[in-house]
Amino acid sequence: MTSPDGSRRPRYLHVRGQLVERIRSGAWAPGQPIPSEFDIAREFGVSQGTARMAVTALVAENVVVRRQGLGTYVCEHTQEEEYARFSSVFDGERRRIATDTQSRQAVVAGANRTERRDLNLAAGAKVLRIRRVRTRDGTPFILETVSVPAALFPGLAQRETLPATLYELYQKSYGVLVVRAEERLTAIAADRAAAKTLRVAAGAPLLRIERTAFALEGRPVECRVSLCYLADAHYLARLK
């Protein structure tokens, strides 16, 4: 099959692209079942095997999810799903820690050098920054700064309150589906400002987690820096 630029690519990638566009446009809503592989094959004039390869690619990219005996659905971010997929901090019993959040409004600012790099923004671009404290049993646990491209989230700065888990908001209010994230870990000492917010001594050990979240087609849509005072908790990565 020939693409618009004249190059040839596998037919399943063309079908995949068409399915992605329906999700991106909102034609298929979060949590909605997509047509069967048989129906996709018939619509696009391809074999059922090609349709299956297209859907399998989207499953691997966390765009859709197969449910045994029920069908295939557009991935839907919920609070529970976001913690399960994107939170890697656990307590001593290896139970994932779900934090509460003292929400703050997003503030419009010029993107700094790190934000421009991580979000692939041009010089002069604006970002929305959300600075918040996440608590565990009422005690400050994580000091976090979240940055997103202002152009991608119009009206976000006018919201009086923001949820503890943001990816559901991105998806359902702005059509931005986060499909994966990368994290970089560094051990640092708490400076005076972080120590005061987290109620620890200056110089206390903190885990710095720098995350970049990506949407469809690998577009970076969020970068965040989380400073965590772990105490009896730990970061657990499951390698596959």
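Quick note: the coordinates plus some simple rules give every number you see, no bench work behind them. The shown structure was predicted, so the numbers you read here are calculated from the model rather than taken from an experiment. All Cβ positions, even for glycine, are placed from backbone atoms using ideal geometry, and neighbour counts span all protein chains on display.
Given Cα positions, please report Rg to Rh for region 64-148, the hydrodynamic radius being the Kirkwood one.
Using Cα coordinates only, the ratio equals 1.09.
From Cα pairs below 8 angstrom and at least 6 apart in sequence, can you work out the relative contact order of region 156-240, rounded to a whole percent?
Here the relative contact order equals 23 percent.
In deg cm²/dmol, rounded to 500, what helix-only [θ] at 222 nm does the chain give when every DSSP H run of at least 4 residues adds -39500 (n - 2.57) and the total is split over its residues?
-8000 deg cm²/dmol
Over the C-alpha atoms of region 11-74, what are the Rg and the largest Cα-to-Cα span, Dmax, in Å?
Just the Cα atoms of region 11-74 yield Rg and Dmax of 10.6, 27 Å.
Please report, largest first and rounded to whole Å, the three semi-axes of the ellipsoid equivalent to region 133-240, where each semi-axis is the square root of five times an eigenvalue of the C-alpha gyration tensor. Walk me through the intermediate numbers first.
Working: eigenvalues 147, 61, 29 Å².
Equivalent ellipsoid of region 133-240: 27, 18, 12 Å, largest first.
Normalised by the residues of region 11-74, what does the relative contact order come to in percent, with Cα pairs under 8 Å and at least six apart?
40 percent
Non-local amide H neighbours of Phe141 (under 5 Å, H modeled in plane, Pro and chain starts lacking H): which ones?
Arg134, Thr135, Arg136
Put a dot 7 Å past each Cα toward the Cβ at His234 and Arg9; how far apart are the dots in nm?
The answer from the label model is 4.3 nm.
Starting from the coordinates of the alpha-carbon atoms of region 1-144, obtain the Kirkwood hydrodynamic radius over all distinct pairs and give the value in Å to one decimal. Don't skip to the answer; put the middle values down first.
Working: mean 1/r = 0.0528 Å⁻¹.
It works out to 18.9 Å.
Would you mind computing, in nm to one decimal, how far apart the modelled labels at Leu169 and Phe90 are, each placed 7 Å from Cα along Cα→Cβ?
2.9 nm
Running a GNM on the chain with Cα contacts under 10 Å, which residue among Glu61, Glu183, Glu160 ends up with the highest mean-square fluctuation?
It is Glu160.
Per q in 0.25 Å⁻¹, report the Debye log10 I(q)/I(0) for region 198-240, using one uniform scatterer on each alpha carbon and no solvent.
Here log10 of I(q) over I(0) equals -0.95.
Plugging the Kirkwood radius over Cα pairs into Stokes-Einstein for the chain, at a temperature of 20 °C and a viscosity of 1.002 mPa s, what D comes out in µm²/s?
108 µm²/s
With labels modelled as points extended 7 Å from the Cα through the Cβ direction, what inter-label distance (nm, one decimal) is found for Arg104 paired with Ala151?
Distance between label points: 2.7 nm.
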